[in-house]
C-alpha cells in the first residue's frame with residue numbers, strides 16, 4: 001500500500017483534519033488521495049504527492065465548524081481552511097496555495113477540471129472514484145480492495161449526504177457547488193501582485 005508523505009506539513013495537517021472530521025469523512029479523504037495517487041501513476045502524471053494529500057485531507061473540512069463560512073458552499077470553507085493553515089504555518093508560494101484552493105473549490109464539478117491543474121484533476125478523479133465509482137476500473141481491483149480495507153466506507157454515504165444537505169442554507173450554497181467562481185469573493189484567493 002502507498003505510504004503517505006511523511007513531512008512536517010502533512011503530520012500537522014493530519015492532526016488538524018483528524019480532530020475536525022468524523023472517521024467516515026476522514027476515511028473518504030484518505031481514499032480520495034489514494035485513488036488519485038493510483039490514477040496518477042497509471043497516467044504517468046507529474047505532481048506533488050504532498051499537495052495532492054493536502055487537498056484531499058482538507059477538501060471536505062468545510063462541512064464542520066469552525067471551518068464553515070455562512071452563506072457559502074462547503075468547499076469554499078474547505079479551501080479557505082487550507083489557505084489559512086498554509087499561510088500561518090508554512091512557506092509555500094502563493095501561486096501554489098491558489099492552485100490547491102482552486103482544486104478544492106472546483107472538486108464538485110461533474111467532470112475533472114484538468115484546466116485548473118494536475119492536482120485539481122487528480123482530486124476530482126479520486127473523489128469521483130470513491131463517491132460514484134467513476135473510473136474505478138482504471139485502478140487494479142486488488143489495490144482498490146486494499147484501500148477499502150485500510151480506510152473502510154462504513155456509513156460514509158449517509159453521513160456525507162447528511163453533511164451536504166445541512167450546508168444548503170440558501171440558493172448560493174447550492175449554486176456555488178457548481179459555480180464556485182460566483183461566490184469566492186475578491187479576497188478568497190491570494191493576491192499574486194504583491
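Evaluate the following for residue 88: is it without any contact (Cβ under 8 Å) to a residue 24 or more places away in the chain and over 19 Å from residue 166 (Cα atoms)? So residue 88 fits the description; yes. Looking at region 143-169, which of its residues are surrounded by 16 or more Cβ atoms within 10 Å (Cβ to Cβ) and in a loop (DSSP other than H, G, I, E, B)? 151, 167, listed by residue number.
Residue-by-condition table, conditions (1) out of contact with any helix residue (DSSP H, G or I) (no Cβ under 8 Å at 6 or more places or on another chain); (2) surrounded by 24 or more Cβ atoms within 10 Å (Cβ to Cβ); (3) under 18 Å from residue 179 (Cα atoms):
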position: 73; (1), (2), (3): no, yes, yes
position: 84; (1), (2), (3): yes, no, no
position: 87; (1), (2), (3): no, no, no
position: 96; (1), (2), (3): no, no, no
position: 134; (1), (2), (3): no, no, no
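Could you please find all residues in region 99-113 being modelled with pLDDT under 95 and either within 23 Å of residue 192 (Cα to Cα) or in contact with a helix residue (DSSP H, G or I) (Cβ under 7 Å, 6 or more places away or on another chain) (or both)? Scanning region 99-113 gives 108, 109, 112, 113. The set of residues from region 32-52 being closer than 20 Å to residue 134 by Cα and within 11 Å of the chain's Cα centre (by Cα) comprises 32, 33, 36, 52.
The values are calculated or read from the model by the stated rules, or taken from the named source; none is laboratory data. Everything numeric here is computed off the predicted structure, so don't read it as measured data. With ideal geometry, Cβ positions are generated from the backbone for all residues, glycine too; neighbour counts draw on all protein chains shown.
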